[in-house]
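Working notes for the structure below.
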Amino acid sequence: MAFSAKTPRSLIKSDLPSPIHRKLRKHKFLYFSNRRKTHQISSTQPQQQLSFLNTNSLNSSDPNSHLHLLCINGKLQEALNYLDSMQELQIPLDEDTAIGMVRLCEWKRAFEEGSKVYCYVSNSSNSLSLRLGNAFLSMFVRFGKLGDAWYVFGKMLERDVFSWNVLISGYAKKGFFDEALCLYHRMLWVGFKPDVYTFPCVLRTCGAVPNLERGKEVHVHVIRFGFEADVDVINALITMYVKCGNLPKARLLFDKMARRDRISWNAIISGYFENGEYLEGIRLFFKMREHWFDPDLMTMTSVISACESLGNERLGREIHGYVIVTGMSADVSVCNSLIQMYFSLGCWETAEKVFDRMEWRDVVSWTAMISGYENNVLPDKALDTYRMMELHGFVPDEITLASVLSACAYLGKLDMGIKLHELAKRTGFISYIIVANTLVDMYSKCKCIDKALEVFHSIPDKDVISWTAIILGLRLNNRCFEALIFFRQMKVSLKPNSVTLVSVLSACARIGGLMCGKEIHAYALRTGMALDGFLPNALLDMYVRCGRMGPAWNQFNSQKKDVSAWNILLTGYAQRGQGKLAVEFFNRMIKSNVSPDEITFIPLLCACSKSEMVTEGLKYFNSMELKYGVTPNLKHYACVVDLLGCAGQLEEAYEFIQEMPIKPDAAIWGALLNACRIHRQVELGEFAAQRIFESDRRSVGYYVLLCNLYANSGKWDEVAKVRKMMKDNGLVIDPGCSWVEVKGKIHAFLSGDDFHPQINEINALLEGIYEKMRVAGLGGPKCDSMDGVEISKAEIFCGHSERLAVAFGLINTVPGTPIWVTKNLYMCQSCHSTIKFISKIVRREISVRDTEEFHHFKDGICSCGDVEILGKALTNTTSERN
């Protein structure tokens, strides 16, 4: 609140003249009448209470003195009842008493009562005196009722600089910065000279906009009116320049100050921190100590935050020691800052010690611990801390809920997430967009995408994070087509950020949406986001997974070549089974002085496996730790088992598992099961399946592998048992779905889809192709050469949706146009033979990316070499790798 130098700051003057002396003065009396209707206050005017006082109970000598005494003693309700009685008896109310009542209402934060006093005064006069008007102005501004304050301002016959200061301050505090600055200029225009309280308020407003030009103009006024030596005004100028990003000017003012206080130091130090100049801010902090200024809590919290931003653990611990020496470690806000700093530096154990030593904690303390654990990938500890917080009787705020929900999302704790959702509804925190956005993310990661959509649609004012969360959620739940639709809806009202584009590019890569991906690439170039964060690598991944290695190389050569970029291209070669090219690319990576990480060796080993380069694969595995300093993890061991198993070395693969230094997981036994299926080793395969189901009964891919193993060996009774086991466990195989992009639009086809507008044309085209296959002696889709085993497996685990997509592409594109299809399951032998035949008779290049690899068909030949098509590994049919 701004005050004039001529206006007392005390709420009510306790040294008012005695009733005797008051009688000697000429009073200004206010008479109340209910017969006239005046301006209504924004709240409903309370009904006047019947006075419990009778005529004899009033102080006959001076009722105003008695009423003023009640105000001085803070007895608001008694004062209002007494005022009612005075009104009934038409006893006049003098100005000093009215001011005392107004100030008491302001002090008590009693808006309804203050409105009632205003109505009394308003009914008695069409105008307000200077002192009474200022009192009402101060009260209404304190209550945030700017409309009522403006009306009071208009009724005042006379105004002083305090009147203007109060109104300017009120508009600034409510965020109406332009209006506040206009009021300041209007004040100058009508001839009022600003005082020492005007300039800090106006300068804070300029900094909040921020508006450097207006700030410079006010700086000129400061000099013109002679306040350039006032410490409070100069502090406000420093803050204004800092907020407007003009650090040199702020520092110049600071250095020229003849006298500084602690606020001066805090303003310049925090200014450097806010503008990212952390080291200079730290230097000023030490300089502040050299000048014998003791930092306060505000100084220390900002310095601790600067250590966090710098990532300087040593400096942070030194500051922590200073906090302990000066005794500020007992302050909860300082401890909260220390906790956040240590978590940010990865020193979560030290943060725990700070938390444990706190004598008193608030909700921010608990939230700092929970969010710190969540950010350090310790979600179990985050949930345990939240449970402790509840036991200690603390009610979470919106930040707490968002952090706990993030931990639930990471762990897949759907039950707890649902309980937190109900809590958010009860407490009203669901209205905070950060809570709603985190709920969308939690439900998406817990595979409840419909619930995530429900929360998303309930958000009234969606921001970029809301849209990004649902787009990513749809992608994670393999509803990529809808993700692209939501992205187009988002662009109508909001500008996506780089994280949004990364999520959408992932959806494009999943369903082969090349044109959509190119549109996003062009959008990123236009908006200058093409080099932001993970976006370059997301673009590279999109081109690789869409099968466009040419554009992928162009993107690779135009961006920063970090290890992730090399890994993406290496994965592209692995998906194509191009082991030799993958090895050459890896060697090129080493020559470029890029150190491989643990991810690098996964596609490298997979490429060696698909190309049956067993010796090379084992060489790279054995050199991981010795030569490159990368410790093999479970995924690397699984790759080696797959490398040995696919090459027919089942005994060696089993021995390798037995000699592993770590306990094998389901994926490793799954790799062995896949090898047993390829080579029809039922006994060893059953042993591997038993080990898998001891730890994982929810992954559909392992059941599919076991079904294939039994089906290949003609054990249909066992196939039936496995399928019954799946049914009992509530597991279903995803229906086959294929996507094809035609003229920039993506079309989806489900297995057995009879609802497509062109389904009759598609079926007619396929029947014609089947007839030509029979004439050529190749048989139809279910020819006699295919036994019952083959047909059954194809129907169960393929779905043939890619045939529909290829036929649609043939119908809707000009001859010679390549057709690119993406599928969510593997490609069966029948579909493989059919598409080979189509590529030959129509003379088109057709590419199909199934769950395992790319099949590039040209002139009746496939890039895979027809190696064990039906027997592709299905370990990842749960779409983990996609």
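Determine ³J(HN,Hα), in whole Hz, for all residues of segment 238-244 in sequence, where each value follows from phi through the Karplus function 6.51 cos²θ - 1.76 cosθ + 1.60 and θ = phi - 60°; x replaces Gly and Pro.
Going residue by residue, I get 4, 4, 4, 5, 5, 5, 8 Hz, with x marking Gly and Pro.
Give the accessible area for Y443 in Å² (nearest 10); use a 1.4 Å probe, count only protein heavy atoms, and leave out ligands, DNA and RNA.
Its heavy atoms expose roughly 10 Å² to the probe.
At a 1.4 Å probe radius, which order do F286, F456 fall into by accessible area, largest first?
My answer, sorted largest first, is F286, F456.
List the relative contact order of segment 633-733 as a percent without decimals, with contacts defined as Cα pairs under 8 Å and 6+ residues apart.
22 percent
Using only Cα atoms and rounding to the nearest 10 degrees, what angle (0 to 90) does helix 682-695 make with the longest principal axis of the chain?
10 degrees
Given points 7 Å out from each Cα along the Cα-Cβ axis, report the H291 to A522 separation in nanometres with one decimal.
Here the modelled spin labels are 5.8 nm apart.
Taking a threshold of 22 Å on the Cα-Cα distance, which of the pairs K495/K518; K108/K155; K451/K518; K419/K447 fall above it?
From the list (K495/K518; K108/K155; K451/K518; K419/K447), the Cα-Cα distance tops 22 Å for K108/K155; K451/K518.
Suppose we keep just the DSSP beta bridges with both residues in the chain; what percent of those would be antiparallel, to 5?
Of all bridge pairs located within the chain, approximately 75 percent are antiparallel.
Would you please give the residues with an amide H less than 5 Å from that of M156, counting only those at least 5 places away or on a separate chain, with H modeled from the backbone geometry?
Those qualifying (amide H under 5 Å, at least 5 residues apart or on another chain) are L128.
Working from Cα positions, state the angle (0 to 90°, nearest 10) between the long axis of helix 535-545 and the longest principal axis of the chain.
The angle comes out near 20 degrees.
Enumerate the amide H contacts of H855 below 5 Å, restricted to partners 5 or more residues apart or on another chain; note that Pro and chain-start residues carry no placed amide H.
V848, R849, D850
How big is the dipole moment of the chain about its Cα centre under a simple scheme where the beta carbon of each Lys and Arg is +1, that of each Asp and Glu is -1, and everything else is neutral? Debye, nearest 20, please.
Once rounded to the nearest 20, the dipole reads 2800 debye.
Quick one: ranking R159, R548 by accessible area, 1.4 Å probe, largest first, what do you get?
R159, R548
In terms of Cα to Cα distance under 17 Å, which aspartates and glutamates are near enough to K491, apart from those fewer than 8 places away along the same chain?
K491 reaches D461, D463, E482, E519.
Report, in degrees rounded to the nearest 10, the 0 to 90 angle that the Cα long axis of helix 700-712 makes with the longest principal axis of the chain.
Rounded to the nearest ten degrees, it is 10.
Can you work out ³J(HN,Hα) from phi for every residue in segment 316-323, in order, using Karplus 6.51 cos²θ - 1.76 cosθ + 1.60 and θ = phi - 60°, giving whole Hz and x for Gly and Pro?
In residue order, the calculated couplings are x, 5, 5, 5, 4, x, 5, 4 Hz.
Just the accessible area per residue of segment 633-733, please: how many Å² with a 1.4 Å probe?
I get 47 Å² per residue for segment 633-733.
Can you give me the solvent accessible area of R691 with a 1.4 Å probe, rounded to the nearest 10 Å²?
70 Å²
So what is the relative contact order for segment 365-523, in percent, with contacts set as C-alpha pairs under 8 Å and at least six apart?
Computed value for segment 365-523: 15 percent relative contact order.
For K627, give me every one of the lysines with a C-alpha distance below 23 angstrom, ignoring sequence neighbours fewer than eight places off in its own chain.
Answer for K627, where 23 Å is the Cα cut-off: K561, K580, K591, K619, K635, listed by chain and number.
Pick out, from V700, I668, A647, the residue whose Cα sits farthest towards the positive end of the charge dipole of segment 633-733, with +1 on the Cβ of Lys and Arg and -1 on the Cβ of Asp and Glu.
Sorting the options by dipole projection puts first V700.
With unit charges on the beta carbons (Lys and Arg positive, Asp and Glu negative) and the dipole taken about the Cα centre of the chain, which residue among S801, N824, I223 sits farthest to the positive side?
Farthest along the dipole direction, towards plus: I223.
If you compute Cα extents along the principal axes in Å for the structure shown, which of (i) 85, 69, 59; (ii) 129, 75, 62; (iii) 125, 65, 53 do you land on?
(iii)
Determine the relative contact order of the chain: mean sequence separation of Cα pairs under 8 Å and six or more apart, normalised by residue count, in whole percent.
In percent, rounded to a whole number, it is 5.
May I ask you to evaluate 6.51 cos²θ - 1.76 cosθ + 1.60, the Karplus curve with θ = phi - 60°, for each residue of segment 143-158 and list the ³J(HN,Hα) values in order in whole Hz, giving x for glycine and proline?
Listing the rounded values in order: 7, x, 9, 5, x, 5, 5, 5, 5, 4, 4, x, 7, 6, 6, 9 Hz.
Can you pull the three principal axis extents for the Cα set of segment 633-733, in Å, largest first?
Largest first, segment 633-733 extends 35, 25, 18 Å along its Cα principal axes.
Only sites in a loop by DSSP and with at most 11 other Cβ atoms within 10 Å count here; which GluC sites (Glu not before Pro) in segment 347-396 make the cut?
Answer in residue order: E359.
Please compute the net charge surrounding I459, taking Lys and Arg as +1 and Asp and Glu as -1 over other residues with Cβ under 15 Å from its Cβ.
Net charge around I459: -2.
With n ≥ 4 as the cut-off for DSSP H runs, can you work out [θ] at 222 nm for the chain, using -39500 (n - 2.57) per run divided by the number of residues, rounded to the nearest 500?
-20000 deg cm²/dmol
Round to a whole number: what % of the accessible area of the chain belongs to carbon and sulfur, probe 1.4 Å?
Here carbon and sulfur together make up 53 percent of the probe-accessible area.
So with the 1.4 Å probe, I'd like the accessible area per residue for segment 330-450, rounded to whole Å².
Result: 46 Å² per residue.
Amide H to amide H, which residues 5 or more places from V742 or on other chains are under 5 Å from it, using H placed in the peptide plane?
Under 5 Å from the amide H of V742 lie the amide H atoms of H747, each far enough along the sequence or on another chain.
In the full protein assembly as shown, how much of V161 is accessible to a 1.4 Å probe, in Å² to the nearest 10?
For V161, solvent-accessible area is about 20 Å².
The values are calculated or read from the model by the stated rules, or taken from the named source; none is laboratory data. The model shown is predicted, which means the values in this text are computed figures rather than measured ones. Positions of Cβ are generated from backbone atoms using ideal geometry, with glycine treated the same way; all protein chains shown enter the neighbour counts. Accessible surface areas use protein heavy atoms only, side chains included; no ligands, DNA or RNA. Shrake-Rupley method; radii C 1.70, N 1.55, O 1.52, S 1.80 Å.
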